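Heads up, the thing below is written out as structure tokens.
The values are calculated or read from the model by the stated rules, or taken from the named source; none is laboratory data. Nothing here was measured: the structure is a model prediction, and the numbers come from that model. Cβ atoms come from the backbone with ideal geometry, glycine included; neighbour counts cover every protein chain shown. Quick note on the areas: whole protein, heavy atoms, side chains included, nothing else; ligands and nucleic acids left out. Shrake-Rupley method; radii C 1.70, N 1.55, O 1.52, S 1.80 Å.
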Amino acid sequence: FIERRGLLPLFFCLNTNKSSITMKPTPRQYQEAVERTKKIKEHLIKEGYAENEESAETIIMGMSEMWYNLIID
């Protein structure tokens with residue numbers, strides 16, 4: 001349910017420019033974040049870390065940036 005409200009993908013729209021952190025992501029950035037989140041959820045389920053999408057979302061919210069980037073790359 002978190003993803004449908006847009007909170008989960010926005011969480012991973014990491015912006016290194018701290019002065020513009022209050023800016024909303026562009027539609028393209030938002031779509032890229034949704035796609036990355038989907039890829040990570042699929043990975044977590046496939047590798048046995050999560051049983052379903054809901055548990056994968058819970059893991060994503062607590063995962064480190066390093067682990068997140070390792071999965072994306």
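Which members of segment 33-50 meet the condition of being under 11 Å from the mean Cα position of the chain (by Cα) and open to solvent by less than 70 Å² (accessible area, probe 1.4 Å)?
Scanning segment 33-50 gives Ala33, Val34, Arg36, Thr37, Ile40, Lys41.
Do any residues in segment 51-73 that are open to solvent by 100 Å² or more (accessible area, probe 1.4 Å) have Cβ atoms under 6 Å from those of residues that are not polar (S, T, N, Q), where the two are at least six apart or on different chains, and which pairs are they?
Glu53/Lys41
Could you tell me which of the residues Phe1, Phe11 is out of contact with any Phe, Trp or Tyr (no Cβ under 9 Å at 6 or more places or on another chain), of a type in the set (A, V, I, L, M, F, W, C), loosely packed, with under 13 Cβ neighbours inside 10 Å and at pLDDT below 85?
Phe1
When you look at Ile71, is it modelled with pLDDT of 90 or more and touching a His at 6+ places or on another chain (Cβ under 8 Å), yes or no?
Taking the combined requirement at face value, the residue satisfies it.
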